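The values are calculated or read from the model by the stated rules, or taken from the named source; none is laboratory data. Since the structure is predicted, the reported quantities are computational estimates derived from the model, not experimental observations. Counting neighbours? That spans all protein chains shown, and the Cβs are built from the backbone with ideal geometry, glycine included.
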Amino acid sequence: MKVTDHIKNANGKTLFSFEIIPPVKGRNIQELYGNIDPLMEFKPPFIDVTTSREEYIYIDRDGLLDKKLTRMRPGTVGICASIKHKYDVDTVPHVLCGGFTREETEYLLVDCHYLGIDNVMALRGDAMREQKYFEPTKGGHKYAVSLVEQIQKLNCGTYLHEVIETDNCSDFCIGVAGYPEKHMEAPSLLTDLKRLKQKVDAGADYVVTQMFFDNSKYFEFVKAAKDFGIHVPIIPGIKPIAVKKHLQLLPQVFKIDVPQDLVDAVEDCKDNKAVRQVGVDWAIQQSKELKAAGVPVLHYYSMGKSDNIKAIAKELF
């Protein structure tokens, strides 16, 4: 079922969902199941699975460093199929511009269609570590809007090199990212809203936001988006702070603000166990306010750990 259909069928009730990352290659999927199992009591209608792009590693060969291109966390589509089968829940694989050609994207989407996966999250992705700015893969997409266009064309039976006449075309529900505090590369929030509107006009069905810690940022963003003519569901993305270094890491990586009250509470903690509790308490209060405001879904970035997400969900669902 499509994410948008889950939202419609909820009749105004706020749903619970979360996002996971594939295990590093060589690790057992049971570890992933162990983090999903505790969250299933809250009946998530869908689970997002991230995709990692390629990266360079250096292999020592008799004193000479050999530079190789690899993916440390492959298997997104396979994991989506496995979760769908094991838990009977819809999954949302993330599809990236970075690291994939248009042909590779088409093959991935065809695999999703074969497996009965109805939803995809279309993202540009980040620059590689060696790159100062994002550079598109040769033969790939430069912007998420063109990725959305490719997915939408596939929904209409138009493939890269042919048109397929069939009654069984894909019908992907397409999610895209939104940034309440604007994308780090956007010169202004207005420019960012223009880009979001382009993605929606190209066929995006819903938006999931970047994490934020001040709900006013989300409410202002939703109002600005509606005023700009964006009328698809906008799902808030929430990440509880878990370790002290998040105070430096998250603003640096994602260019987001952390409210001073949260900063003070984290800095007063003696250890990361106390920080984790502060993060849970803050996310609970965030979530209660968002739920009271009638958000369609509360989407949590669990990123491999579920104990703090479970503690939050127990207070809300």
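Quick notes on this structure:
- Test for SER216: is it under 19 Å from VAL95 (Cα atoms) and not in a strand (DSSP E or B): no
- Identity of the residue in the stretch 292-313, touching a residue at least 12 places away in the same chain (Cβ under 8 Å) and either over 20 Å from the mean Cα position of the chain (by Cα) or farther than 27 Å from TYR206 by Cβ (or both), that ends up surrounded by the fewest Cβ atoms within 10 Å (Cβ to Cβ): GLY294
- Residue within the stretch 76-93 that is within 19 Å of the chain's Cα centre (by Cα), at pLDDT 90 or above and assigned to a loop (DSSP other than H, G, I, E, B) present: yes
- Candidate set: the stretch 195-228, residues that are free of Cβ contacts under 8 Å to residues at least 24 places away in the same chain and of a type outside the set (Val, Ile, Thr); chosen: the one surrounded by the most Cβ atoms within 10 Å (Cβ to Cβ): ASP201
- When GLN198, GLN210, GLN150 are checked against the criterion of being part of a helix (DSSP H, G or I), polar (S, T, N, Q) and under 27 Å from PRO45 (Cβ atoms), a single residue qualifies: GLN150.
- Of all residues in the stretch 11-42, exactly one satisfies the criterion of being assigned to a loop (DSSP other than H, G, I, E, B), within 15 Å of HIS299 (Cα to Cα) and among the aliphatic types (A, V, I, L, M), namely ILE21.
- A residue that is at pLDDT 95 or above, more than 23 Å from LEU193 (Cβ to Cβ) and not β-branched (Val, Ile, Thr) occurs nowhere in the stretch 224-239.
- From the list LEU115, LEU147, LEU123, LEU189, the lone residue that is closer than 19 Å to VAL95 by Cβ, surrounded by fewer than 22 Cβ atoms within 10 Å (Cβ to Cβ) and touching a Lys or Arg at 6+ places or on another chain (Cβ under 8 Å) is LEU115.
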